[in-house]
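The values are calculated or read from the model by the stated rules, or taken from the named source; none is laboratory data. Model, not experiment: these values are computed from the prediction. Glycine also receives a Cβ, built like all others from the backbone with ideal geometry; neighbour counts cover every protein chain displayed. With ligands, DNA and RNA removed, areas are computed over all heavy atoms of the protein, side chains included. Shrake-Rupley method; radii C 1.70, N 1.55, O 1.52, S 1.80 Å.
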Amino acid sequence: MILGLGISTVWTFDQQRTKAFFTEKLDFEVRSEVSMGEMKWVTVAAKDQPDLELTLMSLDGPGLDPESAAALKKLVSKGVLGAGAFRTDDCRGDYETFKARGVEFLQAPQERPYGIEAIFRDDNGNWYSLTERSEELDLSKDFG
């Protein structure tokens, strides 16, 4: 039986630079950093979320054939890949903190039917939602 999602992939051109982005700008912690032959396995996570990690996967590492690696690099470079939605209890406050640390925001906090949301990019171009859910959120509603 599946218990839940444990690791999700964030594609990166430079694992060390992306590790610094998550730890220094977003206050994540390093969960693992292990050399595995030609590749390095690096995971980071929100400090208060023990059950989910992001693996910082190199775009030029093993497991990708040259054609797939080139296509993926192009998509990441264009900034078209959304890598997830981070929950927060203070979207506006985190927006100000992260912006002061140099995080690039595509959208300042805005009211949405589900709460308050801001959109930002990591150091590779992947974009993320930073969302503070509304207390009265009804997931059965149609937001379209």
Exercise. Give the span of segment 12-57's Cα atoms along each principal axis, as three whole-Å numbers ordered largest to smallest.
Key: 31, 21, 11
Quiz item: Farthest toward the dipole's positive end in the chain, which of T131, A70, P109, given Cβ charges of +1 (Lys, Arg) and -1 (Asp, Glu) about the Cα centre?
Solution: A70
Quiz item: For the chain, what is the charge dipole size about the Cα centre, in debye to the nearest 20, if Lys and Arg each add +1 at the Cβ and Asp and Glu each add -1 at the Cβ?
Solution: 420
Quiz item: Which whole-Hz couplings ³J(HN,Hα) result when phi for each residue of segment 41-51 is put into the Karplus expression 6.51 cos²θ - 1.76 cosθ + 1.60, θ = phi - 60°, listed in order with x for Gly and Pro?
Solution: 9, 10, 10, 10, 7, 5, 4, 9, 10, x, 9
Quiz prompt | Where the chain is the region considered: accessible area per residue in Å², 1.4 Å probe | solution = 61
Quiz item: Taking the DSSP beta bridges in segment 1-87 as the whole, what percent of them are antiparallel, to the nearest 5?
Solution: 60
Self-check item: Ranked by how many other beta carbons lie within 10 Å on average, peptides 32-40, 87-95 from highest
Solution: 87-95, 32-40
Exercise. Take the solvent-accessible surface of the protein heavy atoms, probe 1.4 Å, and return the percent of it on segment 59-119 that carbon and sulfur atoms account for.
Key: 49
Exercise. Enter the per residue convex hull volume of the chain, computed from alpha-carbon coordinates, in Å³ rounded to the nearest integer.
Key: 152
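Can you compute the charge dipole magnitude of segment 2-81 about its Cα centre, using +1 on each Lys and Arg Cβ and -1 on each Asp and Glu Cβ, nothing else charged? Give it in debye, rounded to the nearest 20.
260
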Quiz item: Under the rule of -39500 (n - 2.57) per DSSP H run of 4 or more residues, summed and divided by the residues of the chain, what mean residue ellipticity at 222 nm is obtained, to the nearest 500 deg cm²/dmol?
Solution: -6000 deg cm²/dmol
Exercise. Assuming R0 = 25 Å, can you tell me the calculated FRET efficiency for the pair Q49 and K74, based on Cβ-Cβ distance, to the nearest 0.05?
Key: 0.20
Quiz item: Tell me, what HN-Hα J-couplings in whole Hz come from the Karplus equation 6.51 cos²θ - 1.76 cosθ + 1.60 at θ = phi - 60° for each residue of segment 116-121, using x for Gly and Pro?
Solution: 10, 9, 10, 10, 9, 10
